[in-house]
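First comes the structure, then the notes that go with it.
The values are calculated or read from the model by the stated rules, or taken from the named source; none is laboratory data. The structure displayed is predicted, hence computed values, not measured ones. Quick reminder, even Gly has a Cβ in these numbers, built from the backbone with ideal geometry, and neighbours come from all protein chains shown. Quick note on the areas: whole protein, heavy atoms, side chains included, nothing else; ligands and nucleic acids left out. Shrake-Rupley method; radii C 1.70, N 1.55, O 1.52, S 1.80 Å.
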Amino acid sequence: MTISTHVLDAARGRPFAGIAVSLQRRDGTEVANAETNTDGRITGWGDGLEAGVYRLVFDTAEAAPFFPEVVLTFDYSDPAQHYHVPLLLSPFAYSTYRGS
């Protein structure tokens, strides 16, 4: 299965395109990188990854300067499942959840 993410502009109610995101192992080793598409999404990561703790590192400096970088760490415990880890971003706050 795969890992995906979605970056939403919570203040304006629309996707954030062009956000650079790095998928990394817990030790900081980069596994993949991409930019969010026009719908604010990155899909298809994780094929062949081992179970373990990973992190998504979002370069949010231009989108929300108060938070120049957002790091979301998650447990990829069952590679047979799909993991969707969205980021809802506004100028002075952000949140996340495990999506579907």
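Which one is farthest from the chain's Cα centre (by Cα) among residues in segment 40-53 that are loosely packed, with under 12 Cβ neighbours inside 10 Å and at positive phi? Steps first, please.
In the first step, residues of segment 40-53 are kept if they are loosely packed, with under 12 Cβ neighbours inside 10 Å; the result is 44, 47-48, 50-51.
Now narrow it down to the ones that are at positive phi: 44, 48.
Working: Gly44: 12, Gly48: 18 Å.
Taking the candidates together, the pick is Gly48.
Just to be sure, is Ala32 out of contact with any Leu (no Cβ under 8 Å at 6 or more places or on another chain) and hydrophobic (A, V, I, L, M, F, W, C)? First the steps, then the outcome.
Numbers: out of contact with any Leu (no Cβ under 8 Å at 6 or more places or on another chain): no; hydrophobic (A, V, I, L, M, F, W, C): yes.
So Ala32 fails the test.
One line per residue, one yes/no per condition, for (1) charged (D, E, K, R); (2) part of a strand (DSSP E or B); (3) within 17 Å of Thr73 (Cβ to Cβ); (4) touching a residue at least 24 places away in the same chain (Cβ under 8 Å):
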position	(1), (2), (3), (4)
Ser4	no, yes, yes, yes
Val7	no, yes, yes, yes
Asp27	yes, no, yes, no
Val31	no, yes, yes, no
Thr38	no, no, no, no
Gly44	no, yes, no, yes
Leu49	no, no, yes, yes
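Quick one: in segment 54-89, which of the residues that are of a type in the set (Ser, Thr, Tyr), assigned to a strand (DSSP E or B) and open to solvent by less than 30 Å² (accessible area, probe 1.4 Å) is nearest to His6 (Cα to Cα)? Before you say what the answer is, go through the steps one by one.
Restricting attention to segment 54-89, the residues satisfying the condition of being of a type in the set (Ser, Thr, Tyr) are 54, 60, 73, 76-77, 83.
When the remaining residues are screened for being assigned to a strand (DSSP E or B), the result is 54, 73, 76, 83.
Now drop any that are not open to solvent by less than 30 Å² (accessible area, probe 1.4 Å), which leaves 54, 76, 83.
Working: Tyr54: 16, Tyr76: 17, Tyr83: 12 Å.
Out of the qualifying residues, it is Tyr83.
Do any residues in segment 74-96 that are over 17 Å from Ala20 (Cβ atoms) have Cβ atoms under 8 Å from those of residues that are assigned to a strand (DSSP E or B) and basic (Lys, Arg), where the two are at least six apart or on different chains, and which pairs are they?
These pairs meet every condition: Phe74/Arg55.
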